[in-house]
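The values are calculated or read from the model by the stated rules, or taken from the named source; none is laboratory data. Because the structure is a prediction, the values reported are computed rather than measured. Every residue, glycine among them, receives a Cβ derived from its backbone with ideal geometry; neighbour counts consider all protein chains shown.
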Amino acid sequence: MFAARRALTGVAQARAFSASARDLSKVTILGAAGGIGQPLSLLCKLNPRVTELALYDIRLAPGVAADVSHINTKSKVTGYDPTPSGLAAALKGAEIVLIPAGVPRKPGMTRDDLFNTNASIVRDLAKAVAESAPDANILVISNPVNSTVPIVAEILKAKGVYNPKRLFGVTTLDVVRASRFVSEIKNTDPRDENITVVGGHSGVTIVPLFSQSSHPDLVGDATLLNRVQFGGDEVVKAKDGAGSATLSMAMAGARFAESLLKAAQGEKGVVEPTFVDSPLYKDQGIDFFASKVELGPNGVEKIHDVGKLTAEEQKLLDACLEDLKKNIDKGVAFVASNPGK
Ligand SMILES: NC(=O)C1=CN([C@@H]2O[C@H](COP(=O)(O)OP(=O)(O)OC[C@H]3O[C@@H](n4cnc5c(N)ncnc54)[C@H](O)[C@@H]3O)[C@@H](O)[C@H]2O)C=CC1
Ligand SMILES: O=C([O-])CC(=O)C(=O)O
């Protein structure tokens with residue numbers, strides 16, 4: 001079905017999406033039994049746009065699937081065995097593949113400290129996606145996102161199936177946090193707060209642009225800036241060795257998947273911040289950047305630039321770009337010297 005959709009064009013395509021969307025959306029979660037994977041599976045099961053949910057992990061996916069499958073919504077849930085054929089079957093026909101597989105941080109670690117373990121996990125899963133679901137939208141959650149997204153891109157390129165419009169690093173949690181933290185300061189409803197966050201997903205690469213919000217006075221609030229840039233650390237510390245954000249991340253991942261499904265089903269004006277193959281800073285050798293992205297039936301529809309910045313925000317962006325380049329280059333170099341089997 002999904003392949004047939006690709007053959008349609010223009011208006012016909014948009015109509016087909018809205019008319020028949022409900023019997024089309026298979027969502028696959030790789031790492032489904034983990035701290036993020038389980039609540040993410042739950043939220044996807046509750047989403048009526050998801051008609052088939054495929055759960056894969058190196059442990060426990062059939063158990064999680066059996067549990068989630070008892071929820072009385074219509075979608076079919078299947079848990080797959082941790083074998084190459086199980087992985088291939090989980091992926092076949094997927095419209096969206098969410099990847100939260102990999103290890104989380106412990107106190108004292110940076111996201112980059114996860115690179116050695118997670119780079120090869122993501123590389124190998126990307127190969128499976130390239131082989132079994134080359135047309136899927138791929139949503140990378142595994143850290144360090146600034147490096148794992150380029151890893152996936154390199155693998156897809158090597159397999160000849162790279163579509164930059166369908167690869168996304170999930171940075172939604174940064175925006176979710178920013179809106180919540182601002183609402184706490186301003187005593188507002190976080191749903192009404194729309195804070196643009198650009199750059200990447202770690203430390204100083206996370207750049208909130210308060211000048212573009214309804215609270216430009218928050219530019220220069222160092223405590224708030226630190227909380228947005230290091231919100232993940234707050235959770236890592238509080239969990240005290242038992243991992244990092246899982247529940248808020250599941251919500252953020254489910255929100256991003258929902259936005260993609262809405263856009264695929266013909267809804268216009270769906271905009272999410274996300275880390276994508278972006279033209280914005282390619283002249284500086286930076287191939288990926290998170291900014292507001294309009295989503296459509298083909299994935300990325302339009303990449304917004306960062307807009308007008310204050311001098312202070314420009315400084316933050318400069319620091320971001322410096323780190324981001326290193327993180328991206330590290331991912332690309334990893335695949336070049338560790339292509340895997
Ligand atoms: N993008 C973001 O905003 C965020 C990203 N994360 C990242 O998400 C990742 C997962 O975090 P948690 O769910 O808390 O970790 P977790 O350890 O609870 O779960 C990870 C799951 O991945 C599975 N896994 C490991 N290797 C696998 C493979 N080759 N194939 C399939 N599954 C595999 C494990 O069995 C486990 O069930 C971490 O790298 C973490 O840093 C966490 C929070 C926010
Ligand atoms: O901080 C971490 O390691 C997990 C993460 O990416 C986040 O919570 O933003």
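Note on region 167-191: residues that are more than 10 Å from ligand 2 (Cβ to nearest atom), of a type in the set (K, R) and within 20 Å of V271 (Cα to Cα) total 2. Of all residues in region 192-208, those that are part of a helix (DSSP H, G or I) and within 15 Å of ligand 2 (Cβ to nearest atom) total 3.
Considering (1) among the aliphatic types (A, V, I, L, M); (2) surrounded by fewer than 17 Cβ atoms within 10 Å (Cβ to Cβ); (3) closer than 23 Å to P100 by Cβ, the lone condition that V175 does not fulfil carries the number (2). Identify, please: which residue in region 113-127 is hydrophobic (A, V, I, L, M, F, W, C) and more than 9 Å from ligand 1 (Cβ to nearest atom) and is, among those, nearest to the chain's Cα centre (by Cα)? Among those residues, the one meeting the criterion is A126.
Filtering K315, K341 for residues that are more than 25 Å from V182 (Cβ to Cβ) and either surrounded by fewer than 22 Cβ atoms within 10 Å (Cβ to Cβ) or within 15 Å of the chain's Cα centre (by Cα) (or both) leaves a single hit, K341. Counting only strands (runs of 3 or more DSSP E) that sit completely within region 44-147, those holding 3 or more residues that are out of contact with any His (no Cβ under 9 Å at 6 or more places or on another chain) and crowded, with 24+ Cβ neighbours inside 10 Å correspond to 52-56, 96-99, 137-140.
Assess whether G199 counts as being within 17 Å of the chain's Cα centre (by Cα), within 16 Å of ligand 1 (Cβ to nearest atom) and within 12 Å of E313 (Cα to Cα). Considered against the rule, which asks whether it is within 17 Å of the chain's Cα centre (by Cα), within 16 Å of ligand 1 (Cβ to nearest atom) and within 12 Å of E313 (Cα to Cα), G199 comes out as yes.
All told, S211 meets the bar of being surrounded by fewer than 22 Cβ atoms within 10 Å (Cβ to Cβ) and either more than 14 Å from ligand 2 (Cβ to nearest atom) or of a type in the set (V, I, T) (or both).
Kindly indicate whether any position in region 227-240 is in a loop (DSSP other than H, G, I, E, B) and either surrounded by fewer than 18 Cβ atoms within 10 Å (Cβ to Cβ) or within 16 Å of ligand 1 (Cβ to nearest atom) (or both).
First, the residues of region 227-240 that are in a loop (DSSP other than H, G, I, E, B): 230, 240.
Narrowing the set further to residues that are either surrounded by fewer than 18 Cβ atoms within 10 Å (Cβ to Cβ) or within 16 Å of ligand 1 (Cβ to nearest atom) (or both) leaves 230, 240.
Among the residues of region 227-240, at least one is in a loop (DSSP other than H, G, I, E, B) and either surrounded by fewer than 18 Cβ atoms within 10 Å (Cβ to Cβ) or within 16 Å of ligand 1 (Cβ to nearest atom) (or both), which makes the answer yes.
So, A252, is that one of a type outside the set (S, T, N, Q), surrounded by 21 or more Cβ atoms within 10 Å (Cβ to Cβ) and either at negative phi or outside the structural domain of V176 (by the TED database) (or both) or not? Taking the combined requirement at face value, the residue satisfies it.
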